[in-house]
Amino acid sequence: MKIKNICCLGAGYVGGPTMSVIALKCPEINVTVVDLNEKRIAAWNDEDLDKLPVYEPGLSDVVREARGRNLFFSTEVDKAIEEADMIFIAVNTPTKTYGEGKGMAADLKFVELCARQIARIAKNDKIIVEKSTLPVRTAETLQTILDSTGNGVKFEVLSNPEFLAEGTAIDDLLNADRVLIGGKQTESGQKAIQCLVDIYLNWLSPKQILTTNVWSSELSKLTANAFLAQRISSINALSALCEVTEADVDEVAAAIGTDSRIGSKFLKASVGFGGSCFQKDILNLVYLCRYFNLPEVANYWEQIIILNDHQKYRFAKRIITSLFNTVSGKKITFLGWAFKKDTNDTRESAAIYVAEYLIEDGAEIHIYDPKVSQEQITEDMRYLWTLKGYTDQRIESKLKQIFVYQSPEEACHQAHAIAVLTEWDEFKTYDWNSIYENMYKPAFVFDGRNILDAAKLASIGFIIKGIGKG
C-alpha cells in the first residue's frame with residue numbers, strides 16, 4: 001500500500017511539528033492537520049510565521065517551505081479522514097481530573113472520540129497511528145471501537161510514540177535517535193508497519209527505526225519518560241543536601257556524570273521538571289502498576305513526582321525565609337514562565353506552582369517571559385485554582401496579585417527579589433548593574449536554573465541563591 005494522503009487529528013505540540021517535518025521530507029504525500037479549534041488552525045495558516053501557535057526553533061522555516069505545497073491545516077475533519085490512507089491521532093491525553101483513576105490515569109475521552117469519528121467516516125481501509133502518549137493496551141481499545149462501529153472497513157492500529165524534547169523538536173524529528181513503531185505481529189500488521197517505516201526512510205536510516213509489538217511500543221514511551229524524570233529528581237534530591245553541606249551540585253553532577261555507566265545528561269539540578277509528558281506519564285505508570293496490583297512498584301515511581309513537587313515547594317519556601325519570613329505585599333519578579341527554554345509551552349511549569357505558594361503568602365508576582373502571553377499565564381493559574389475548587393470570586397482576587405510585562409526591565413523595576421524559573425539564554429545577557437540599581441535592597445536573586453554568573457552578580461551586590469549551592 002502506497003501512502004498518498006495523511007491526516008493528523010490534533011494541531012498541537014506533537015501534531016503540528018511532526019506533520020510539518022513529514023510533509024517537508026515527503027513532498028509526494030499530502031499531509032492535512034485538522035483540529036476543531038478554529039483559532040489554532042487560523043494561527044497555523046497565518047502569513048506571519050511568528051504567530052504560529054507552537055514556538056519551536058526551526059519550525060517556521062519548515063512550515064514556510066511545505067505549507068500550501070503538500071502541508072495543509074484545516075477544520076474540515078470529516079473530509080480529511082475520508083481522504084486519508086493513514087491517520088495519526090495526536091490529541092491531548094491529560095491526566096484524569098474525575099472518576100476512576102482521578103489524578104493518575106490518562107483521560108482517553110479525546111482518543112475515543114477520534115476513533116468513533118474515524119469509524120463513522122471511513123469508507124476504505126486505513127492505518128491508524130497512535131502519536132499521543134497513551135497507556136499500555138490503548139491500541140486494543142482503539143481496534144475494538146474501530147472494528148465494532150465501522151463500515152466493514154479494515155483498520156490496522158500502530159503505536160508510534162513521539163520522543164521529542166520541546167525546544168529541540170525539529171532537530172529531534174530530523175535527526176532522531178530512534179523512531180519506534182509497534183504493530184500487530186500478523187501479515188497485515190507487518191504491512192502496515194512497513195508503510196510507516198517507508199515514510200521515515202525518506203530521511204532516516206533503517207538503523208534509526210525500531211519495530212516492536214504494539215504493547216512494547218506503548219510501554220517504552222512511558223518508561224523512557226519515567227527514567228529521564230527519575231534522573232532529574234535524583235539530582236534535585238541531592239541539591240537539597242548540597243545546600244546544607246555547602247557542596248556544589250554542579251560539581252557533584254559533573255563528577256558522577258563522567259562515569260560512563262551514568263553519563264551526564266539530565267543531571268542538571270533545577271526548581272523541578274515540567275512539561276506535558278513527564279508527570280503525566282509517570283502518574284499513568286503508577287496507575288497501571290496499582291491496577292495490576294503492584295503497589296511496591298507504583299510507590300517507587302510515584303516518589304519521583306513527590307520529590308519534584310517538594311523541589312518547587314522548597315524553592316518557594318527559600319524565597320520566603322530569605323525575605324525575612326514574609327513576602328506579603330512584596331514584588332517578586334519571575335524571569336520565565338515556560339517550563340523550559342525555546343518553547344511557549346507552560347504545561348506543568350514549575351513557575352505555576354512556585355507562584356501559587358508565594359501568592360498564598362501574599363506576594364505580588366511580576367512576570368516576564370519572551371514567548372508566553374499574559375492570556376496563557378492567567379489561564380494556567382485559573383485552571384490550577386479551579387481544580388482546587390476555588391470560587392470564581394476567590395480566583396479573581398488572587399489574579400490581581402499577578403502582573404505580566406513586555407520587557408524584563410519593567411518586570412524587575414523596584415522588585416524585592418528576582419526568581420529565574422526558565423533557562424532562557426537572554427537572561428544571562430541582561431544589564432544586571434542597571435537592574436540592581438533599580439531594586440529594593442538587599443537585592444535577592446534566586447536562580448532556579450543555575451544559569452547566571454553567580455560571582456559576577458555577587459560582585460554587583462546581589463545576594464544570589466542557586467539550586468544546590470551552599
Show the residue pairs meeting these rules: Cβ distance below 6 Å; 6+ apart or different chains; first residue within the range 445-464 and on the phi > 0 side of the Ramachandran plot and in contact (Cβ under 8 Å) with a residue 40 or more places away in the chain; second residue assigned to a strand (DSSP E or B) and not hydrophobic (A, V, I, L, M, F, W, C). ASN450/GLY466
Given (1) within 19 Å of ILE467 (Cβ to Cβ); (2) more than 17 Å from the chain's Cα centre (by Cα); (3) in contact (Cβ under 8 Å) with a residue 24 or more places away in the chain; (4) not in a loop (DSSP other than H, G, I, E, B), index of the condition ALA269 fails: (4)
Between a first residue in the range 82-98 that is more than 19 Å from ILE193 (Cβ to Cβ) and a second residue that is among the charged types (D, E, K, R) and modelled with pLDDT under 80, which pairs have beta carbons less than 9 Å apart while being 6 or more apart in sequence or on different chains? ASN92/ASP107; THR93/ASP107; PRO94/ASP107; THR95/ASP107; LYS96/ASP107; THR97/ASP107; TYR98/ASP107
Looking at (1) within 14 Å of ILE365 (Cβ to Cβ); (2) surrounded by 16 or more Cβ atoms within 10 Å (Cβ to Cβ); (3) out of contact with any Leu (no Cβ under 8 Å at 6 or more places or on another chain), can you tell me which one ILE395 breaks? (1)
State which residue is surrounded by the fewest Cβ atoms within 10 Å (Cβ to Cβ) when the search covers only the range 244-266 and only residues that are among the aliphatic types (A, V, I, L, M) and part of a loop (DSSP other than H, G, I, E, B). ILE262
Of the conditions (1) part of a helix (DSSP H, G or I); (2) modelled with pLDDT under 95; (3) not aliphatic (A, V, I, L, M), SER234 satisfies every one except a single condition; which number is it? (2)
Does at least one position in the range 404-417 carry a residue that is touching a His at 6+ places or on another chain (Cβ under 7 Å), in contact (Cβ under 8 Å) with a residue 60 or more places away in the chain and either under 20 Å from SER349 (Cα atoms) or of a type in the set (A, V, I, L, M, F, W, C) (or both)? yes
Tabulated pairs, the range 313-334, first without any contact (Cβ under 8 Å) to a residue 60 or more places away in the chain, second surrounded by 15 or more Cβ atoms within 10 Å (Cβ to Cβ), C-beta under 6 angstrom, 6+ apart or interchain: ALA316/VAL354; ALA316/TYR357; ALA316/LEU358; ILE320/VAL327; ILE320/ASP361
I'd like to check something: does the range 77-97 contain any residue that is modelled with pLDDT under 90, part of a helix (DSSP H, G or I) and out of contact with any Pro (no Cβ under 8 Å at 6 or more places or on another chain)? no
Going through ILE304, ILE319 one at a time, which residue ends up being modelled with pLDDT of 95 or more, closer than 21 Å to ILE418 by Cα and not hydroxyl-bearing (Ser, Thr, Tyr)? ILE319
Hey, does the range 171-189 have a residue that's farther than 30 Å from ALA338 by Cβ, out of contact with any Phe, Trp or Tyr (no Cβ under 9 Å at 6 or more places or on another chain) and without any contact (Cβ under 8 Å) to a residue 12 or more places away in the chain? yes
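Quick grid of which residues meet (1) over 25 Å from GLU423 (Cβ atoms); (2) at pLDDT 95 or above; (3) not basic (Lys, Arg):
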{"position": "LEU196", "(1), (2), (3)": "yes, yes, yes"}
{"position": "GLN208", "(1), (2), (3)": "yes, yes, yes"}
{"position": "ALA240", "(1), (2), (3)": "no, yes, yes"}
{"position": "PHE278", "(1), (2), (3)": "no, no, yes"}
{"position": "ASN293", "(1), (2), (3)": "yes, yes, yes"}
Scanning for something assigned to a helix (DSSP H, G or I), closer than 28 Å to ALA165 by Cβ and touching a residue at least 12 places away in the same chain (Cβ under 8 Å), does the range 66-76 turn up at least one residue? yes
Per the filter on the range 438-468, residues over 30 Å from the mean Cα position of the chain (by Cα), among the small types (Gly, Ala, Ser) and not in a loop (DSSP other than H, G, I, E, B) are ALA455, ALA458, SER459
Helices (runs of 4 or more DSSP H) fully within the range 327-436 counting 3 or more residues that are under 21 Å from LYS268 (Cα atoms): 350-360
Every residue from the range 107-127 that is assigned to a loop (DSSP other than H, G, I, E, B) and not acidic (Asp, Glu): LEU108, ALA122, LYS123, ASN124
Considering only the range 9-20, state which residues are crowded, with 24+ Cβ neighbours inside 10 Å and not hydroxyl-bearing (Ser, Thr, Tyr). LEU9, GLY10, ALA11, VAL14, GLY15, GLY16, PRO17, MET19
Regarding the range 46-61, can at least one residue be identified that is crowded, with 19+ Cβ neighbours inside 10 Å, touching a residue at least 40 places away in the same chain (Cβ under 8 Å), in contact with a Leu (Cβ under 8 Å, 6 or more places away or on another chain) and at negative phi? yes
Would you pick out the residues in the range 144-153 that are outside any helix (DSSP H, G or I) and either loosely packed, with under 14 Cβ neighbours inside 10 Å or of a type in the set (Asp, Glu) (or both)? ASN151, GLY152
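The values are calculated or read from the model by the stated rules, or taken from the named source; none is laboratory data. As the structure is a prediction and not an experimental result, all values here were calculated from the model. Cβ coordinates were reconstructed from backbone atoms using ideal geometry, including for glycine residues, and neighbour counts include every protein chain displayed.
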